[in-house]
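*Asks:* Mind looking over this structure? Questions follow.
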Amino acid sequence: FALAIFYLLFNYYGIDIKKGIIKNEKVFLMSAPAAGADLVNMLQKGDCVMITDQTDFWYKVKWKDQDAYIRISNVYLVQ
């Protein structure tokens, strides 16, 4: 239910939200769009993320109420 409200609010304000599925084992979720940034969490194959933006070859995602970054090559984009 909360995810539906989150999705509707962002659509109402014109922010494009996409869903991504992690496609590799042990994927690093970083605090900034850089390999040297702090590690936020390690995701597993099949985990789901909400994509809010893109910077070069990084997706900005929402993970447990915080912004984080993941390399695009580790995510299947779901439209």
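The values are calculated or read from the model by the stated rules, or taken from the named source; none is laboratory data. What you see is a predicted model, and the numbers here were worked out from it, not measured in a lab. Neighbour counts are summed over all protein chains in view; Cβ atoms, including those assigned to glycine, are modelled from backbone coordinates with ideal geometry. When the accessible area is computed, the model is the full protein with side chains, heavy atoms only, and any ligands, DNA or RNA have been set aside. Shrake-Rupley method; radii C 1.70, N 1.55, O 1.52, S 1.80 Å.
*Asks:* Considering each residue of segment 42-65, count those that are under 12 Å from the mean Cα position of the chain (by Cα), surrounded by fewer than 14 Cβ atoms within 10 Å (Cβ to Cβ) and modelled with pLDDT of 95 or more, and give that number.
*Replies:* The qualifying residues number 0.
*Asks:* Follow-up question, since we're still on this one. Among residues belonging to segment 23-41 that are assigned to a strand (DSSP E or B) and within 13 Å of Asp67 (Cα to Cα), point out the one that is least open to solvent (accessible area, probe 1.4 Å).
*Replies:* Taking the candidates together, the pick is Leu29.
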